[in-house]
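Asker: If you scroll down you'll find the structure; I have some questions about it.
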Amino acid sequence: MKMTFRYYGEGDPISLSYISQIQPVTGVVSAVYGVPVGEVWPYEKIAAIKEAAESHGLEFEVVESIPVHEDIKMGLPTRDTYIEAYKENLRRVAKAGVKCVCYNFMPVFDWLRTNLKYPHSSGAYSLAYDHEELLKLDPLNLHLPGWDESYEAGQLQALVSAYQKLTEEDLFQNLVYFLSNVLPVAEEVGVRMAIHPDDPPWGVFGIPRIIKGEEDFDRLFTALPSMANGITFCTGSLGANPKTDLVKLAAKYAKRIPFAHLRQLTHTGEGKFYENGHLSGAGNVDIIGVVRALTENGFDGYVRPDHGRSVFGEAPGGGYGLYDRAMGACYLQGLFEGMERR
């Protein structure tokens with residue numbers, strides 16, 4: 001297992017210098033930003049991330065993410081052009097030493113929350129979700145950091161309307177088509193693809209969702225058994241459904257998980273939760289059980305602390321503040337060391 005930390009490039013207020021001071025962290029998870037989705041990444045920009053990381057004693061072996069163009073997800077005639085660009089990006093990141101690529105196949109909305117500054121009694125803040133509140137929102141006028149700024153005026157409305165005409169079966173077959181073309185290249189260059197589950201793991205605004213839990217994973221691996229076809233095991237996304245047995249899934253898919261996002265959340269009602277610190281006792285996710293299941297069943301991938309709280313007066317940063325994730329990295333490292341030494 002290798003402990004990693006998300007890094008958003010030169011504009012990230014959490015610098016590589018800060019990240020290198022988090023003792024368990026040996027590498028960064030990053031991507032090339034500023035290149036339109038569907039275009040080939042200039043190799044010099046990929047190499048620059050690697051060089052910057054290595055100058056601080058850190059590895060760059062995980063990309064999160066190479067976005068999948070919406071034309072691929074919708075199965076449009078133009079998808080083959082974008083798939084060719086995706087394949088070239090895999091070759092280029094592999095040349096720079098990347099071994100895992102996290103991606104998602106979520107239409108339009110990579111993630112959804114209804115409160116970006118949920119107050120805790122301690123004075124901390126975190127992200128929160130309330131499905132009833134979401135249903136009151138207009139999907140064409142949502143503004144969440146990380147995705148909405150990538151859409152031009154009128155584009156969002158067209159995408160939402162187009163996806164509302166697709167079924168889950170349509171979307172799944174488009175995923176299979178994409179991976180059938182991409183996985184041979186991933187195998188050739190030694191990169192493992194790790195699909196991120198839907199966040200939240202249910203349909204929103206009449207738009208289909210297809211990577212929600214065990215049944216979807218089984219179907220995906222039956223259709224495409226290549227070991228380059230893997231999961232980003234996100235305990236927050238999967239755990240948003242309280243019926244999902246995360247410990248069972250961690251054990252079942254341990255060797256299919258090249259990358260794990262470990263984070264905590266607390267359920268407050270049906271379709272309602274807020275995110276919390278990483279401690280197993282801080283919420284409803286059995287972090288200890290998940291780490292035990294991964295360790296005992298052959299997991300040897302990358303881990304990163306995921307969304308945390310904003311603490312110590314840090315301005316809320318969409319779950320990506322420094323302090324709580326740094327504490328989370330130390331906690332998770334301790335759990336893994338304890339399980340491995342058993």
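The values are calculated or read from the model by the stated rules, or taken from the named source; none is laboratory data. Everything quoted here is computed from the prediction, not taken from an experiment. Methodologically, a virtual Cβ is constructed for each residue, glycine included, from the backbone with ideal geometry; neighbour enumeration extends over all protein chains shown. Calculation scope for accessible area: heavy atoms of the full protein, side chains included, ligands and nucleic acids excluded. Shrake-Rupley method; radii C 1.70, N 1.55, O 1.52, S 1.80 Å.
Asker: Compute, for the chain, the length of the dipole vector about the Cα centre, with Cβ point charges of +1 (Lys, Arg) and -1 (Asp, Glu) only. Units Debye, rounded to 20. Intermediate results must be reported in sequence, preceding the final value.
Answerer: Values: 32 positive and 44 negative charges, 160 e Å.
Value, rounded to 20: 760 debye.
Asker: Roll a 1.4 Å probe over the protein chains and send me the accessible area per residue for segment 1-115 in Å².
Answerer: On the way: 4690 Å² over 115 residues.
For segment 1-115, the solvent-accessible area averages 41 Å² per residue.
Asker: Measure off, as a whole percent, the carbon and sulfur share of the 1.4 Å-probe accessible area of the chain, all protein chains present. Intermediate values should be presented prior to the final figure.
Answerer: Values: 7200 of 14350 Å².
Reported share for carbon and sulfur atoms: 50 percent.
Asker: What percent do you get for the relative contact order of the chain when only Cα pairs under 8 Å and 6+ apart count? List each step's numbers first, then the result.
Answerer: On the way: 649 pairs, mean separation 58.9, N = 342.
Once divided by the residue count of the chain, the mean separation gives 17 percent.
Asker: Please give me the summed charge of the neighbours of residue 166: other residues whose Cβ is under 13 Å from its Cβ, Lys and Arg +1, Asp and Glu -1. Mind showing how you got there, number by number?
Answerer: Values: positive: 73, 165, 209; negative: 70, 71, 168, 169, 170.
In short, -2.
Asker: Still on this structure, please answer the following. Using only Cα atoms, what Kirkwood radius does segment 242-342 have, in angstroms?
Answerer: Numbers: mean 1/r = 0.0710 Å⁻¹.
Value: 14.1 Å, from the Cα pair sum.
Asker: Right, here's the next one. Whenever you get a sec, line up 337, 70 from highest to lowest accessible area (probe 1.4 Å, protein heavy atoms). Numbers along the way, then the final one.
Answerer: Working: 337 75, 70 30 Å².
I get 337, 70, largest accessible area first.
Asker: Given the -39500 (n - 2.57) contribution per DSSP H run of 4+ residues, what per-residue ellipticity at 222 nm results for the chain, rounded to the nearest 500 deg cm²/dmol?
Answerer: Values: 12 runs with 127 residues, N = 342.
Using -39500 (n - 2.57) per qualifying helix, the result is -11000 deg cm²/dmol.
Asker: Jot down the radius of gyration and Dmax of segment 1-62, Cα atoms only, both in angstrom.
Answerer: 11.7, 36
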